[in-house]
Amino acid sequence: MRFTSEQRLDDGVLEREFTLGEIPGILWTPASASAPVPLILLGHPSLGLHKMYPRLVARARQAAAEGFAAATIELPGSGDRPRWAAAEEARADLRRALGAGEPVSDEIIDRLVLPLVDKAVPEWQAALDALLSLPEIGGPAGYSGGVISIGIRLAVVEPRIVAAGLFAGSFVPRTMFEEARQVTIPLHVLLQWDDEGNDRQAALDLFDAFGSKEKTLHANMGGHTGVPQFAGEDAAGFFARHLR
């Protein structure tokens, strides 16, 4: 991990951009801490860190207010990272289906999501290795938001992640339902009831499939971008319970 820039935000949070090999990322740490702090990995959709920055930094500031570090990395094929043809083709097929008002087929969802999960999860694990080696970060770690299938896979394969906040707002391949049954960590799942891009029943079925003994579904009225502010406060309380 190599830090490439550093700035102190107006609330004292230290923001540092880094690269991990060819993967860009950002780390935020609280203004002051007397001991190594827990870490929240901030997931996001495949829109690029620059486009997602305002929302990411707001979530990071909220984490810092609870005494946690927060970090994110650029997803494969996003931002300034090289594109790969198969993903671009799958996205084009998805846009065509949605534009025509047609159902999105399982085949398109599989081509769009499964390669991303396979590529992104090892990168998140490598980032976790590097972040937990820093003296100011001591764990435990949580995962929050982003592509829900990435969160599912991480919850299954990464024992250092002890709690996850997931957003039921993206397409989920059917094979991920089987992985969801293997998830055992505490979960806080957010569902926008009128999400125009999400199959509500599939989201409810996925929640039912999770194997966690502690899992909470927070459903709010409104579309994909209509998440109320208090939903973030509820998620912060969830991580405060499980990371301290």
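The values are calculated or read from the model by the stated rules, or taken from the named source; none is laboratory data. All figures in this text were calculated on a predicted structure; none of them were measured in a lab. Don't worry about glycine lacking a Cβ; one is built from the backbone with ideal geometry, like all the others, and counts go over all protein chains shown.
Quick look at the values:
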{"item": "Any hit, segment 129-148, residues being out of contact with any helix residue (DSSP H, G or I) (no Cβ under 9 Å at 6 or more places or on another chain), modelled with pLDDT of 90 or more and of a type in the set (S, T, N, Q)", "result": "yes"}
{"item": "Only listed residue being of a type outside the set (Val, Ile, Thr) and without any contact (Cβ under 8 Å) to a residue 60 or more places away in the chain, chosen from Ala87, Ala71", "result": "Ala87"}
{"item": "Tally of residues being out of contact with any Lys or Arg (no Cβ under 6 Å at 6 or more places or on another chain) and at pLDDT 95 or above across segment 65-82", "result": "7"}
{"item": "Tabulated pairs, segment 132-153, first basic (Lys, Arg), second surrounded by fewer than 24 Cβ atoms within 10 Å (Cβ to Cβ) and part of a helix (DSSP H, G or I), C-beta under 6 angstrom, 6+ apart or interchain", "result": "Arg153/Val117; Arg153/Val121"}
{"item": "Residue among Glu179, Glu158 that alone is without any contact (Cβ under 8 Å) to a residue 60 or more places away in the chain and farther than 20 Å from Leu20 by Cβ", "result": "Glu179"}
